[in-house]
1. So if I place +1 on the C-beta of Lys and Arg and -1 on the C-beta of Asp and Glu, and nothing else carries charge, what would the dipole magnitude of the range 97-199 be about its Cα centre? I want it in debye, nearest 20.
2. Which residue, chosen from GLY114, LEU172, ALA140, occupies the Cα position most advanced towards the positive end of the dipole of the range 97-199, where the dipole is computed from +1 (Lys, Arg) and -1 (Asp, Glu) charges on Cβ about the Cα centre?
3. Kindly identify the range 97-199 as rounded, prolate or oblate by the Cα gyration tensor criterion: order the square roots of the eigenvalues as a ≥ b ≥ c, call it rounded if a/c is under 1.5, otherwise compare a/b with b/c, prolate if a/b is larger, else oblate.
4. How much FRET efficiency would the formula 1/(1 + (r/R0)^6) give for ALA99 and GLN181, where r is the Cβ-Cβ distance and R0 is 25 Å, rounded to 0.05?
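Taken together, the values in this text are just the output of simple stated rules run on the coordinates, not laboratory data. As the structure is a prediction and not an experimental result, all values here were calculated from the model. Here the Cβ positions follow ideal geometry from the backbone for every residue, glycine too, while neighbour counts run over all protein chains shown.
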Amino acid sequence: MGAGTSPADPAPAGRAAADEPREPGERDRRDGSTGPGPVADAKDAKDAKGADDAPDTGKDGAAADGRPRRSRRFPRFTRDTARPEGGGRAASGDAPAPARQWPLLTVLCAAGLGLLVVVLDPFDQAFRVGTILIGGALIAGAVLRWVVPSVGMLAVRSRFTDLVTYGLMGTLIVLLALVAQPAPWLDVPILEDAVRFTIR
């Protein structure tokens, strides 16, 4: 025992502060640190490292080396996209691949047959008949998109968008085939007046 000390005397201030149990959120008053302990020290070190590693950006948000700054909120690449409504298999998974995509194959085969008729021109008015087949294939695609619950790859966007796109394009192609000259199969007086006015 040293001079002037007894077993009943309290421990020195520094030792008592070191030996006292502290709450997790209590600050260490000895060294002046502001964190609650090792967890806060690791977090502060990580934040400081992230701040040091972050690229210097200018007013336009570009990095100092000329590369655009990457956003932390959105990924660089799209990793997944939502399947359109009704874009599932048209047949069960056990069926072969052509059977699972029969709506798309039906539309493609009908449009291909129309193109073949137009190119080969095997009979009179083949151009008109082939073009009507192409437009009819698109209209059939619109009907399938509306009636069949799952049409596979025929579903490109929402059901409403696909209906409008397929139906409008198919109808316009069929109308153009019907009013094509010479000897149109459909007479539209308004269209004839518009053509005459344009020619004059």
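1. Dipole magnitude for the range 97-199 comes out near 520 debye.
2. Towards the positive end, the residue furthest out is ALA140.
3. Note, shape of the range 97-199 comes out oblate.
4. Values: r = 43 Å, r/R0 = 1.71.
Computed FRET efficiency for ALA99 and GLN181 comes out at 0.05.
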